Each structure stands twice: as C-alpha cells, then as structure tokens.
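Heads up: the structure comes next, in structure tokens.
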Amino acid sequence: MTETTAMGPCIICVAITGSLPTKENNPAVPITIAEQVESTQEAFEAGATIAHCHVRDDEGKPTSDPERFARLKEGLEKHCPGMIVQLSTGGRSGAGQVRGGMLPLRPDMASLSVGSNNFPTRVYENPPDLVDWLASEMVKYGVKPEIEAFDLSHILKAHQMWKAGQITDRPYVQFVMGVKNAMPADRDVFDYYIRTVKRLFGDDAAWCAAGIGPNQYVLNEWAVSSGGHARTGLEDNVRIDRNTLAPSNAALVKRVTDLCDRYNRPVADWKTARSILGLAHPA
C-alpha cells in the first residue's frame, strides 16, 4: 500500500437533489428545502463536506429562484456548520443570466460549465458570453468555481480563463463521465484528464470526479484510488445496485468512505476540505 499511503485526504461532495430525479424514481430524493437540509445533514455526518445544491419549485420542477437558494443555504449553514455550500448554475434550472441569480448570496462555491456538450435528449448550451458573465459574477462575489468538465476541451478552456484572470484561484476541476451522448466512463480518458490537470495546473492541483448512474461507483473508486476527490449523491444515481434503490444520500456517501478505508485515505473533514480548496472558515 505504499502508493496509497502517500495520498492525502479525500473530499466527498454530495449532490443531494439535482434537476431530474423525482420521488417516483426514488422516494428518498429530497425535494423541499426541509427535506434537502435533513438529507444533507445526514450526509455531512456520514463524511461529506461539500453539498452540491439545486432547488425545486412548489411543483417539484427545477428552478434558479434565489430566494429558495437563500433558504437552503441558511438551513445548511445552521445544521451543517462548516460544510462547503456549492450552488448550481446549471442549465436545466433556467436560461441565460437567470442561471447566476443566486451568486450574490456569496456561497462558498458554485458550479461553472465552461463549454457546451450533448445531453441525453438535448444540447447543454453554455455559450461563451454566458460563461464569461458567470465567471465574472463569481469573481465579483468571491465565489470559488468548480469547473464541471464534460469534455477535454472544458479543462483546456478553464486553463485559458485562469491565465486571463477570469478565474482568480487555481481551478478545481471535476470530471463528469457517463452522461449519455457525452463522455463515457473511459479509464484511458480519465487517466489523460488527470495528466492534463497536472500539466496545466500543477502536480498538486486538486480535482474531483463524478459518474452518472451505474458509473457513479466506478468513478468513485477511480478517483479515490488515484488521489482525487469524489462526488456521489442522489442527483447522479438513485440506486445502490441494479435491483436496490439507495435509501439516502448518506448511504451513497458511506460507499465512498468505505473506498477511502480500502485505499488508506482519510476522509477530509470540513476544515481540511476548506484548506485543500483555499476556502475561508466560516465566521
């Protein structure tokens, strides 16, 4: 275990709700603000230190409503003290600058997709002018972006934006694999992504990986065993296996902590996670 003992702590991000999963898919999917806070608290206690957040309207449909994001952020800060709150600017919750309407809330982090790609039934559009605006709003309000890389070009674009000063801190890149019609879960590509991040941002650059559906656990293991950080949660995957629904976000987090034990990596607590990502501690 010589190689794995040299690897540092692993940050676990829990994507609690997303825009697509419903109670019909899995009754454990948290929809209301109260459900999201309760589910996140359980995941936090299980070892997650980043909460990746979406909000839904009264009908359970995705929205970018800043007021709902504000209530969720307030609830998480109260019940999960120290946890990193990461709000989504994703395109399923709105169009144009509506997608960044929550950034004045000054969350610790926000997702930032820097290029377009195909999704299962549509094009996930991230036009350059919108990407530039979202990045500028994150700089304005002191929000650290998480670069959601659905393609190799997105990693290279993040480097270009960093060099141009559009991203002020060294980018934190998350590889997203397994989305239908986008990048599949391919180990050679995954390894090349790691090499590209290290080449562009430095050997010690932090990175994360997310797998969709049955690829979630695959990417969890690849990330943990390769020195990266891991994303899990009901947004990306509602099952433990083909025949079993996940009982909670916490149960999916537990799978990652078990992998950390297997690969001899400590699970990062919130203080360690904030240190790794260069985030201030809450007042």
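Output the qualifying pairs, or none if there are none: Cβ atoms under 7 angstrom, residues six or more apart or on different chains, first residue in the stretch 125-136 and charged (D, E, K, R), second residue in a helix (DSSP H, G or I) and modelled with pLDDT under 95.
Glu125/Gly91
What is the residue count in the stretch 1-20 for residues that are open to solvent by 10 Å² or more (accessible area, probe 1.4 Å) and either in contact (Cβ under 8 Å) with a residue 40 or more places away in the chain or under 28 Å from Pro145 (Cβ atoms) (or both)?
Matching residues across the stretch 1-20 total 8.
So Gly91 ticks every box in (1) open to solvent by less than 50 Å² (accessible area, probe 1.4 Å); (2) over 19 Å from Ser248 (Cβ atoms); (3) at pLDDT 95 or above; (4) in contact with a Lys or Arg (Cβ under 8 Å, 6 or more places away or on another chain) but one. Which box is left unticked?
Answer for Gly91: the failing condition is (3).
Among the residues of the stretch 192-225, write down those that are touching a Phe, Trp or Tyr at 6+ places or on another chain (Cβ under 9 Å) and either assigned to a loop (DSSP other than H, G, I, E, B) or charged (D, E, K, R) (or both).
Of everything in the stretch 192-225, those that are touching a Phe, Trp or Tyr at 6+ places or on another chain (Cβ under 9 Å) and either assigned to a loop (DSSP other than H, G, I, E, B) or charged (D, E, K, R) (or both) turn out to be Lys198, Ala205, Ala206, Glu221.
Answer with yes or no whether Ser153 is of a type in the set (S, T, N, Q), more than 30 Å from Ala283 (Cβ to Cβ) and open to solvent by less than 20 Å² (accessible area, probe 1.4 Å).
no
Would it be correct to say that Ser136 is open to solvent by less than 60 Å² (accessible area, probe 1.4 Å), out of contact with any Pro (no Cβ under 9 Å at 6 or more places or on another chain) and closer than 30 Å to Gly82 by Cα?
Taking the combined requirement at face value, the residue satisfies it.
Anything in the stretch 248-266 that is under 15 Å from His229 (Cα atoms) and in contact with a strand residue (DSSP E or B) (Cβ under 8 Å, 6 or more places away or on another chain)? List them, or say none.
Listed by number, the residues that qualify are Leu252, Val253, Arg255, Val256, Thr257, Leu259, Cys260, Arg265, Pro266.
From the list Asn237, Asn264, which residue is surrounded by 19 or more Cβ atoms within 10 Å (Cβ to Cβ), in contact with a helix residue (DSSP H, G or I) (Cβ under 6 Å, 6 or more places away or on another chain) and either at pLDDT below 95 or not aliphatic (A, V, I, L, M) (or both)?
Asn237
Determine which member of the set Val197, Val176 is aliphatic (A, V, I, L, M), without any contact (Cβ under 8 Å) to a residue 60 or more places away in the chain and under 18 Å from Gly278 (Cα atoms).
Val197 is the lone residue from the list that is aliphatic (A, V, I, L, M), without any contact (Cβ under 8 Å) to a residue 60 or more places away in the chain and under 18 Å from Gly278 (Cα atoms).
Does Thr40 satisfy the condition of being hydroxyl-bearing (Ser, Thr, Tyr) and either touching a Leu at 6+ places or on another chain (Cβ under 7 Å) or not in a loop (DSSP other than H, G, I, E, B) (or both)?
Answer is yes for this residue.
Of the conditions (1) open to solvent by 30 Å² or more (accessible area, probe 1.4 Å); (2) of a type in the set (A, V, I, L, M, F, W, C); (3) not in a loop (DSSP other than H, G, I, E, B), Phe69 clears all except one; give me its number.
(1)
Given the condition acidic (Asp, Glu) and under 17 Å from the mean Cα position of the chain (by Cα), answer yes or no: does some residue in the stretch 100-120 qualify?
Yes, the stretch 100-120 contains a residue that is acidic (Asp, Glu) and under 17 Å from the mean Cα position of the chain (by Cα).
Going through Arg231, Arg274 one at a time, which residue ends up being in contact with an Asp or Glu (Cβ under 9 Å, 6 or more places away or on another chain), of a type in the set (Lys, Arg), outside any loop (DSSP other than H, G, I, E, B) and buried (at least 18 other Cβ atoms within 10 Å of the Cβ)?
Criteria check complete, one pass: Arg274.
Just wondering, is there one or more residues in the stretch 144-165 that are β-branched (Val, Ile, Thr) and assigned to a loop (DSSP other than H, G, I, E, B)?
no
On the basis of being of a type in the set (Asp, Glu) and more than 13 Å from the chain's Cα centre (by Cα), does Asp241 make the cut?
yes
The values are calculated or read from the model by the stated rules, or taken from the named source; none is laboratory data. Only a predicted model underlies this, so the values are computations on that prediction, with no experimental measurement involved. When we count neighbours, we look across all protein chains shown, and the Cβ atoms used for this are built from the backbone with ideal geometry, even at glycine. Areas reflect the complete protein model, heavy atoms only, side chains present, ligands, DNA and RNA absent. Shrake-Rupley method; radii C 1.70, N 1.55, O 1.52, S 1.80 Å.
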